[in-house]
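Here's the structure we're looking at; comments come further down.
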Protein chains: 2
Amino acid sequence: MTKILFRPQGKTVEVPDGTLLSEAILQTGISVNLPCGGQGRCGRCRVVIEQGVAQQRSTSRLSSSELEQGYVLACQTAVFGDLQVFLPPQEAIVRKLPSERAAVEIPALSVRCDWQKNPILRKFFLRIEPPSLSDNTTDFERLRRALTRQCGVRGLVAGLPVLRKLARTLRDSASPEEYWEVTAVVEMGTWVDEDSVPRLVDLLPGDQTVQILVVAVDVGTTSNVVYLADLASGRFVDAASAYNAQISCGEDVISRILYARKEGGLEHLQRLVVGTINDLLHELAERNHVDADEIYAMTVAGNTTMVHLLLGLDPAHIRLEPYIPTVNYPLPVLARELGIHICPEATVDSLPCVGAYVGGDITAGVLSSDMYQTDKLTLFIDVGTNGEIVLGNRDWLLSCACSAGPAFEGAGVRSGMRATVGAIEEVWINAETHEPTYRVIGDVAPRGICGSGMISLLAEMLITGVLDKSGHLNRNQAGSRVRVGEHGTEYVVAWASETQSQKDDIVLTEVDISNLIRAKAAIYAGFSVLTTSVGVDLADVEEVLIGGAFGKYIDIEKAIQIGLLPDMPWERFRYLGNTSALGAFTALLCRDMRRQVTDIANKMTYLELSADNRFMDQFTSALFLPHTDTTAFPSVMRLLNNRAVNRTLTGANDTGHGGS
Amino acid sequence: MTKILFRPQGKTVEVPDGTLLSEAILQTGISVNLPCGGQGRCGRCRVVIEQGVAQQRSTSRLSSSELEQGYVLACQTAVFGDLQVFLPPQEAIVRKLPSERAAVEIPALSVRCDWQKNPILRKFFLRIEPPSLSDNTTDFERLRRALTRQCGVRGLVAGLPVLRKLARTLRDSASPEEYWEVTAVVEMGTWVDEDSVPRLVDLLPGDQTVQILVVAVDVGTTSNVVYLADLASGRFVDAASAYNAQISCGEDVISRILYARKEGGLEHLQRLVVGTINDLLHELAERNHVDADEIYAMTVAGNTTMVHLLLGLDPAHIRLEPYIPTVNYPLPVLARELGIHICPEATVDSLPCVGAYVGGDITAGVLSSDMYQTDKLTLFIDVGTNGEIVLGNRDWLLSCACSAGPAFEGAGVRSGMRATVGAIEEVWINAETHEPTYRVIGDVAPRGICGSGMISLLAEMLITGVLDKSGHLNRNQAGSRVRVGEHGTEYVVAWASETQSQKDDIVLTEVDISNLIRAKAAIYAGFSVLTTSVGVDLADVEEVLIGGAFGKYIDIEKAIQIGLLPDMPWERFRYLGNTSALGAFTALLCRDMRRQVTDIANKMTYLELSADNRFMDQFTSALFLPHTDTTAFPSVMRLLNNRAVNRTLTGANDTGHGGS
């Protein structure tokens, strides 16, 4: 056994020889960020070994000065003797999404939905004659009898938590005339089977039929959103959102899957996401002066990995060929089984997934659009932490996921950050001086660049000639803004003096650019594979729907310029907002719509790109800006050629670049 | 707040002023017996206040010497200032039933039962082709598909615990040819609804179809019995029994209901009985070299209160007029919801009850007899901690419970004890000398008298003239054996020198006798009310079935002599053994029999005697030995008259007694 003292907390832990330092830290309960899930890729778990010697697997993310100062990566260091370790302050995970980014679309119920006719939950007000010696039926059978006689509802069942409080609730609800007056909250069959027996979810004193609170949850890899609704009126009530607390264990699904392999890792991830959802429920309950226990149903939309982690299912094989989830059609579970703080007997229903990387967020997204009911050839894209694409119409649906990586979420990019306060979200570059102007979320001094900022920056650099088509910075341009730094050639977006930290320049390196190009290339390759699979041309697509939490902030013009989106007339593009949350909301309120999500999942074909050679070919072709096949991007080429002509006319020269 | 130091444990607790001393003890975790549930009736929670003063509600069970020594009843003493309290050693609850009393009848399946045709559980061995890129169906849907194709079972559902281990189990079970070979344990619809969807209870690697372990549990107020069976062969495997650990919180159901009203009392009682069942399961698993997790179903038979306490349902209103349970037909629950250590997803099915004091032990008892299928007018009696009676035949069933009290279980009787080692179980009194001879369970020196011993003793005293018909001891008889002690007139069964403690004589006082007469009168009054309710005479009863754990040890001749059982030819009586356990076993193995228990519960009318004036009349008439109506006991009267004639012939005189 090895003894480790952690400073400045002063906590000590004993672990077997060979234990990873990151695991030892977790055992003390001290919080440590592992955005890459402990793969040694992100370099965020830097600690200093002050006394003792440990064995390091990898130091790749550490600079030479860090190595000199004794820094190691906790996730890459095994302990073999007593140590004293210093933990630097961890980057705080901002729980709240900044308000200007979290502005929630008020969802409207689709006109196709007749939610009132056949709701999943009903409340019944009952006046029940109390028992006597001549009518000594038990409490539960008395309630059943009243429900049948007064409301025509037969065969009620109930779980233990509600049976346990039955006697008390009935007797506490006696009216002055001594009748028992109660409100029965009844689930009218399950979401998928309305003919199954009605279930008593709760029993409340008096008449509380006025509203029936329910929630829809979008469980994203990065952020979670909860919509509170009233099923009695079909009305949206309120929404709240926050970062998924799992971020501390990995930025993307792959990192989380790796984290889940650790001892207790899966349980930890499950508790983290439930904690985030519970915090949001608490916030909504407080703000709306209701009790979270009076929320009686929950619908969840999330990608396949997020659904597995929420339910505590082993996600390991989602990552390994042939990429097999435990379940695509999760069965409903009870809130109390997950530790979710709504009514313990409330059903939590996860919308169906299609494959390892096309989940309930996408089936919900398609539901919230009308692409499954239209004749038009439609392309749906959800750009979140992953990029998922669906092509089709009312007759067929074909889907795939592009492992774009979390570059657009700020990971794997030196100055990258999530779209929170302090993030540069838009950049303009002066065509003459190549000096940038930028806009920062929250109008504060910048801390880094978020996804939309990166797209904007890439496009501006390309159009102004700071960047060439193969992703190399033009050292002859942009004066001191382009330079060779410790991590190679880079473009300075903001000088240290302009930033919040006053310490480091905010830069985009060629390595970052290469990561971003691969991300956009993966998504574009996805479009190409889907269309060629069904023998149509991308240009034949009649409508492009952009969904997902992040999609909303993409500037279509810029996204086309870097080749992330296909080059077609702007009027063919439509923003749908947070389609995952909107779909979950619709499926929550309307049993008919809930059935349609299952139909969508059944109908949708899933193309596994991880093992598709066509994808690799298309991906390689897309590793240029905007693309190797310039004919596919006529409007962008016109722009670039115009610039070249202008430059030639003004005597400028932008054809040379610093090497391939 | 008041601070209390408990000796000899040295534990301290702080409680609000006014807290009962018994509650304060419970808070420290020190075990204290409250056989009467804290009503101040049994006097077993005696403690000594060594320092400080407390307020006592009742001291009725304390002798003058105990009061002098500073004894108080913990359950009757409220604290209002710092105390030092001495806890005398507590009477240990012997966990194991003595083997000669716990000998379990090997149950046989009724010939009427076709359990093989339609079992509740089945095991299916499956060979499943593992997934590939071209067949990437999820694990669960792959399993469903295999079950449908290979076994014709459609629409499988599964709960979280089994889904959580699905991926691991499937991949760990790959055969050398790389097929996944697993055994699916499937519940084929619920016990009450075979058309409901099949449910995956567990998934095991390899072929484990050879046996399907299941258990039937008799949850008695006093003792619990677990029968282990194999549903694959329909074979009884083994049984184990122990006292219900709830005894420390009350000897009878009323005491337990009172205990359940305390803060945390219900949860404590629930944990205690689950603990007892888990101990028995562990014992059975060890002895039979199986894993308790491989037990896949449990059927429970218990009285209404025991079922409520096992499920954690509030029993308060079972005790209060008009005596209303929460539920008579408990819905199946999962083992994990109760904390029972079998397969977490196994169903625990409690057999239906009929009313507040006629429970699943009685419906199971009737099932295990053939009274519900015969034309004969049959009387079924279960003498346990309570006395429950059913009258009827194939056409109708009428039931009632007689609050006999726990006298026959040894409570409320000065030298009374449960039927365990050291208990006098049979007594003979010499008609001339009036000296007793007795037999002790375990052939050791006696510690007290158990129920069968008391019946035997009462009958012998009556027949030999030591006792008169109104229950008074004849001081002119029996020499020094009848005397006036501290608690009134008493008969000495064993001198202190013969006993285990060598300290106190084992006696039966007139107060004890009065308690026993009331107990037997209550049961006989039950017979009378049932028969008069349907307009038949007790003498018309064609068969009397004696069930229950205690019934087995009743000597019918003696029981008739004291007027506990009706005076009819011996050939009409039949012992059935532990009918509750036998019925549970039958209902466990056979779905058809399970349905018949529900039919029995539906068909049975419950007469609530607690509020029946006829019962009070009949009870009063039965407060004589054998009864006021001597014509109802011709054989006993002949015996008594013969004795009188013999006495007259020999010049003895036994007509006088010590007062009315």
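Values in this text are rule-based calculations from the coordinates and carry no lab data. All values reported here derive from a predicted model rather than from experimental measurement. No Cβ is skipped: glycine too gets one built from the backbone with ideal geometry, and neighbour counts run over all protein chains shown.
If you wrap the Cα atoms of the protein assembly as shown in a convex hull and average its projected area over all directions, you get 58.4 nm². Working note: 222 nm ellipticity from helices only, DSSP H runs with n ≥ 4, each -39,500 (n - 2.57), summed and divided by the residues of chain B, gives -8500 deg cm²/dmol to the nearest 500. Here segment A:591-647 and segment B:567-635 have alpha carbon centers that stand 80 Å from each other.
Closest approach of any chain B Cβ to the axis that rotates B onto A belongs to B:SER196, 4, distance given in whole Å. Remark: spin-label model distance A:THR28-B:ARG7 equals 4.7 nm, labels positioned 7 Å along the Cα→Cβ axis. The fewest-to-most ranking of A:ARG149, B:ARG483 by surrounding Cβ atoms within 10 Å reads A:ARG149, B:ARG483. The residues packed around B:VAL237, meaning those with a beta-carbon under 10 Å from its beta-carbon, carry a net charge of 0 if Lys and Arg are +1 and Asp and Glu are -1. Maximal additional length on extending the A:GLU263-A:SER233 stretch stands at 6.2 nm, based on 0.36 nm per residue less the C-alpha distance. Hydrophobic, long helices, defined as DSSP H runs whose alpha-carbon span along the helix axis is 20 Å or greater and whose mean Kyte-Doolittle value is at least 0.5, occur in chain A at A:510-533. Ratio of Rg to Rh for chain B: 1.03 [Cα atoms; Kirkwood radius as inverse mean 1/r over pairs].
If R0 is 35 Å, what FRET efficiency do you get for A:SER58 and B:GLU177 from their C-beta distance, rounded to 0.05? Here the calculated transfer efficiency is 0.35.
Label-point spacing for A:GLN9 across the identical copies (point 7 Å from Cα in the Cβ direction), in nm and ascending order: 3.5. For chain B, the share of DSSP beta bridges that are antiparallel, to the nearest 5, is 70%. For A:ASP540, the point set 7 Å out from Cα toward Cβ sits 8.9 nm from its twins in the other copies, listed from shortest up. Mean sequence separation of contacting Cα pairs (under 8 Å, at least six apart), scaled by the length of chain A, corresponds to a relative contact order of 12 percent. Please find the FRET efficiency linking A:ASP504 to A:ARG287, where r is the Cβ-Cβ separation and R0 is fixed at 41 Å, and quote it to the nearest 0.05. It comes to 0.60. Which FRET efficiency value, to the nearest 0.05, is calculated for B:ASP207 and B:VAL484 with the Förster distance at 60 angstrom and r the Cβ-Cβ distance? For B:ASP207 and B:VAL484, the calculated efficiency is 0.20. In chain A, excluding the sites themselves, the longest stretch lacking any of the chymotrypsin sites (Phe, Trp or Tyr not before Pro) that are in a DSSP loop with at most 16 other Cβ atoms within 10 Å is A:180-395.
Do any of A:LYS520/A:LYS552; A:LYS165/B:LYS262; A:LYS469/A:LYS552; B:LYS123/B:LYS165; A:LYS376/A:LYS552; B:LYS503/B:LYS552 go past 24 Å between their Cα atoms, and which? Among A:LYS520/A:LYS552; A:LYS165/B:LYS262; A:LYS469/A:LYS552; B:LYS123/B:LYS165; A:LYS376/A:LYS552; B:LYS503/B:LYS552, the Cα-Cα distance tops 24 Å for A:LYS469/A:LYS552; B:LYS503/B:LYS552. Once you reduce segment B:307-376 and segment A:160-212 to the center of their Cα atoms, the two points are 22 Å from each other.
The local environment of B:HIS317, defined by Cβ-Cβ distances under 15 Å, has a net charge of +1 under the rule Lys, Arg +1 and Asp, Glu -1. Sorted shortest first, the distances from the B:CYS151 label point to those of the same residue in the other copies are 3.7 nm; each point sits 7 Å from Cα along Cα-to-Cβ.
Compared with the direct C-alpha span, the chain from A:LEU320 to A:HIS472 gains 51.3 nm at full extension, assuming 0.36 nm per residue. Measuring from label point to label point, each 7 Å out along Cα→Cβ, what is the A:ASP629 to A:ASN641 span in nm? According to this spin-label approximation, the distance is 1.9 nm.
Residue separation times 0.36 nm, minus the C-alpha to C-alpha distance between A:ASP617 and A:LEU67: what's the value?
My answer for the length gained is 194.0 nm.
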